[in-house]
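The values are calculated or read from the model by the stated rules, or taken from the named source; none is laboratory data. These numbers were taken from a predicted model, which means no experiment stands behind them. Glycine gets a Cβ as well: all are built from the backbone with ideal geometry, and neighbour counts include every protein chain shown. The accessibility values were calculated without ligands, DNA or RNA, using every heavy atom of the protein model including side chains. Shrake-Rupley method; radii C 1.70, N 1.55, O 1.52, S 1.80 Å.
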Amino acid sequence: AFLDPVADKLMICVATVLLSMAHQGRVWDVALPTAITLAREIGVSALREWMASAGERNTVQVGFLGKCKTAVQMVSICGLLLALPPSPPSFGID
C-alpha cells in the first residue's frame, strides 16, 4: 500500500524531467511547470508521511480527485511521449 503512491509519483517525476530535457525551445516554458509539479508531489508526500507519523493518516487520505489528477497526468505524459520525434534526443551527450 505504501509503494503504490510512491511509484506513481516517481513515474510522474521522472517522465516530466525527461520531457523537459527533451524540449527544444525556451527552457522556462517547460522547466517552470516541471519544477512546480515536482515541488507539489514532494510536498504532498512529505505532508502525508508527517501526518502518518503523527497518527493522523486519515486526515490526508487520497481522495477521488487526487486519483483523477494522477490518471490525467499519466495520460497526458503518455501523449507527450508519443508526440516526441521517433529518434530520441541526445540530451547533450554526443
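Taking K and R as +1 and D and E as -1, what net charge do the other residues with C-beta under 14 Å from the C-beta of K9 add up to?
Charge balance in the 14 Å sphere: 0.
Using per-residue counts of other Cβ atoms within 10 Å, averaged over each peptide, order 58-68, 43-53 from highest down.
Going by the mean number of other Cβ atoms within 10 Å, highest first, we get 43-53, 58-68.
Work out how much length A7 to A31 would gain on full extension: take 0.36 nm times their residue separation and subtract the Cα-Cα distance, in nm to one decimal.
Full-extension gain reported as 6.4 nm.
Leaving ligands and nucleic acids out of the surface, order D4, D29 by accessible area at 1.4 Å, largest first.
Order by accessible area, largest first: D4, D29.
With a point put 7 Å past each Cα toward its Cβ, work out how far L80 is from L38 in nm, to one decimal.
Label at L80, label at L38, 1.2 nm between them.
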